[in-house]
Amino acid sequence: MKRSRVLGPGIALALAAMALAPQASAEVERGELLSASCFTCHSIDATGNMPGLVGYPRDLMVSQMQAFADGSRPATIMDRHSKGYSAADIELIADYIATLQQ
Amino acid sequence: MTNIKRRNFLKAVGVGGAATVAGFGCAANGSSTASRGAHVIVIGGGSGGATAAKYLKRFSPDLQVTLIEPSATYYTCYGSNWVLGGHATMDEIAQTYDALASRHGVTVVQDSVTEVDPAKRAVMTAGGSTMNYDYLIMSPGIDFRYDAVPGITAADAERIPHAWKAGDQTRILRSQLEAMPDGGVFVMVAPGNPFRCPPGPYERASMVAHYFQQAKPRSKIIILDNKENFSKQGLFMAGWEQHYGDMIEWLPSSRGGQVEEIDAANLTTISDSGLTTVKADVLNYIPPQQAGKIAMQTGLTGDGFWCPVNQQTFESTIHPGIYVIGDSSVAGAMPKSGHSANNQGKIAAAAIVNALAGKDPLSPSTANTCYSLITPDHAISVAAVYALKDDGTLGGVEGAGGVSPADAPASVRQMEAIYTKGWYTGITADIWG
Ligand SMILES: Cc1cc2nc3c(=O)[nH]c(=O)nc-3n(C[C@H](O)[C@H](O)[C@H](O)COP(=O)(O)OP(=O)(O)OC[C@H]3O[C@@H](n4cnc5c(N)ncnc54)[C@H](O)[C@@H]3O)c2cc1C
């Protein structure tokens with residue numbers, strides 16, 4: 001029989017997870033899901049050359065997204081992305097991203 | 001029965017005993033999922049599957065997440081055209097699963113799923129294990145339809161590579177290009193829609209042209225296309241003329257591009273009922289495609305070639321409890337790309353976490369970006385933002401998205417080339433980092 005190889009989080013971690021026995025009650029809010037799509041390019045590990053977003057100030061995020069959308073801040077691609085979100089969505093993204101910590 | 005299967009599995013995995021029990025115990029012995037976190041299995045550790053596994057744990061750390069993928073190293077298709085162009089190495093497009101396991105707590109099983117039983121919520125693997133799931137995500141990529149054109153079979157791929165899954169196929173095509181004499185002809189047969197990576201064939205032609213220009217400038221590139229137009233066409237063609245003169249010739253289906261047969265022994269394509277034949281020195285046949293084999297086999301494609309899903313959650317409309325993401329899925333206006341698969345992984349992960357919490361699914365709003373290099377310093381892009389439309393499909397948000405401007409100066413093309421590489425680093429960190 002062919003053997004499977006398992007890369008696991010390790011025994012200690014698994015036992016810790018079992019001991020805590022938390023309820024599966026986590027919930028994903030819209031702001032978190034919307035923001036997750038930013039992380040494709042703007043890695044939260046700050047790799048790559050797109051500006052990092054972790055801890056990005058809320059009001060600056062809102063104003064920059066607006067500036068990309070109205071053309072007052074020049075861009076190669078953020079002009080095309082920023083126009084796809086409502087003002088309310090941009091606020092949700094800004095709120096969520098401002099809570100991220102390194 | 002269940003117990004026997006479970007024992008086989010424990011024997012099969014051999015190592016990581018406690019992690020294994022934590023990972024599979026709940027579903028196998030029937031205890032309630034809430035006590036230890038539900039078990040989600042993800043099939044396929046590519047762009048969609050690896051993202052889904054990671055974000056399941058990010059969104060809900062108590063979940064037990066098992067990722068099943070046969071390869072220890074995944075070679076990204078993105079960047080594989082740069083390898084063909086001679087300015088990236090295979091090592092630079094190699095990704096592994098260490099961080100998913102050690103940083104994010106995903107149980108990564110190196111194995112291949114041979115069967116899914118949607119009624120029993122179980123998957124069987126080539127390694128002989130049976131694992132139960134509460135939810136299943138599948139991102140098995142594509143399979144090739146070699147039966148579409150007579151004269152060529154999957155067995156010919158060693159000599160006539162598709163290089164549409166990266167890895168050995170990329171290496172084969174690169175070495176054929178290196179061995180080709182100056183003045184030779186590289187022929188690519190590009191598939192009709194829909195297929196993986198709509199701009200991919202044209203980025204490939206660009207990268208091969210870049211290599212030829214440096215190493216064998218008298219050579220030619222012919223693209224035989226099974227369609228009438230292609231992604232970012234105006235920008236590609238302007239770039240080709242600017243950098244490569246008439247080295248690249250593109251033939252749409254109405255002008256001989258619709259390949260009807262292949263004489264594999266003579267590396268010759270036949271179209272126009274035999275009126276047009278093209279002899280290649282290096283032939284790159286990219287067959288028409290369909291959903292990954294395990295998705296087809298599980299019946300997730302219905303009567304078609306791709307898997308219909310509820311586009312709000314990516315749950316199959318055929319087998320509830322199974323979510324299909326990435327190239328295998330029908331995702332409205334979203335193209336079959338790594339960027340799409342990555343974002344679909346997040347949508348499906350959020351949908352499962354919210355379903356477990358008893359919440360209504362969110363209405364997703366998501367994005368795609370595809371960068372293509374025409375030279376290492378000249379890139380173009382296409383972007384779109386997608387939202388759920390009234391008819392339940394994901395459509396592009398009007399007024400957003402589009403392609404790079406046609407009249408941009410060289411400095412903008414160069415900036416986009418820098419961002420192309422940044423995109424690669426960013427998305428691979430988001431998926432496997
Ligand atoms: C030349 C080329 C260039 C490209 N460039 C870009 C680009 O610049 N940008 C972009 O966004 N996209 C690009 N793409 C497209 C991108 O590679 C795919 O769209 C993307 O990888 C699809 O993700 P996926 O998860 O659906 O499939 P994949 O990434 O192919 O992953 C599928 C995985 O499932 C595994 N698997 C299959 N069957 C089983 C089974 N039975 N059991 C267990 N595991 C299984 C496979 O081993 C594989 O690892 C390019 C593609 C090509 C060919």
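Rule-based calculations on the coordinates, nothing more; no lab input. Here the structure is a predicted model, which means the values were calculated and not measured. Positions of Cβ are backbone-derived with ideal geometry, glycine not excepted, and every protein chain shown enters the neighbour counts.
In a simple Cβ point-charge model (Lys, Arg +1; Asp, Glu -1; nothing else charged), the stretch A:28-98 has a dipole of about 220 debye relative to its Cα centre. The mean number of Cβ atoms from other chains found within 10 Å of a Cβ in peptide B:64-73 is 1, as a whole number. The eigenvalues of the Cα gyration tensor, multiplied by 5 and square-rooted, give chain B an equivalent ellipsoid with semi-axes of 39, 23, 20 Å from largest to smallest. Per the Kirkwood formula applied to alpha carbons, the protein assembly as shown shows a radius of gyration over Rh ratio, Rg over Rh, of 0.98. Round to the nearest 10 and give me the degree value, 0 to 90, for the angle of helix B:233-244's Cα axis relative to the longest principal axis of chain B. It is inclined by approximately 50 degrees. What is the log10 of I(q)/I(0) for the stretch A:28-98, computed with the Debye formula using one identical point scatterer on each Cα and no solvent, at q = 0.13, 0.22 Å⁻¹? Log-scaled intensity ratios, in q order: -0.33, -1.00.
One chain, two ends: B:D147 and B:D390. Fully extended at 0.36 nm per residue, the span grows by 83.7 nm beyond their Cα-Cα distance. Computed over the stretch B:40-124, the Cα gyration tensor eigenvalues convert (square root of 5λ each) into semi-axes of 27, 16, 10 Å, ordered from largest to smallest. Neighbour counts of other Cβ atoms within 10 Å put A:H42, B:H243 in the fewest-to-most order B:H243, A:H42.
Normalised radius of gyration (Cα atoms, divided by 2.2 N^0.38 Å) for the stretch B:155-231: 1.10.
Close amide H partners of B:T276, meaning residues 5 or more places away or on another chain with modelled amide H under 5 Å apart, are B:S271.
Note on the stretch B:147-285: the C-alpha convex hull projects to 7.9 nm² when averaged across all orientations.
By the beta-carbon count within 10 Å of each Cβ, the least crowded to most crowded order of B:K359, B:K120, fewest first, is B:K120, B:K359. How tilted is helix B:200-215 with respect to the longest principal axis of chain B? Cα atoms for both, answer in degrees (0 to 90, nearest 10). Compared with the principal axis, the helix lies near 50 degrees. Charge dipole of the protein assembly as shown (Cα centre as origin; +1 on each Lys and Arg Cβ, -1 on each Asp and Glu Cβ, all else neutral): 1480 debye, rounded to the nearest 20.
Looking at A:V62, A:C41, A:L92, which one has the Cα that reaches farthest to the positive end of the dipole of the stretch A:28-98 (charges on Cβ: Lys, Arg +1; Asp, Glu -1)? Final value for the positive-end residue is A:C41.
A straight line joining the Cα centroids of the stretch B:184-248 and the stretch B:314-347 runs 29 Å. Relative to the longest principal axis of the Cα atoms of chain B, the long axis of helix B:168-179 makes an angle of roughly 20 degrees. Residue exposure proxy: B:H210, B:H104, B:H87, ordered by other Cβ atoms within 10 angstrom of their Cβ from fewest to most, comes out as B:H87, B:H104, B:H210.
Look at the stretch B:419-430: the mean tally of other chain Cβ atoms within 10 Å of its residues' Cβ atoms is 6. Determine the relative contact order of the stretch B:341-433: mean sequence separation of Cα pairs under 8 Å and six or more apart, normalised by residue count, in whole percent. In percent, rounded to a whole number, it is 23.
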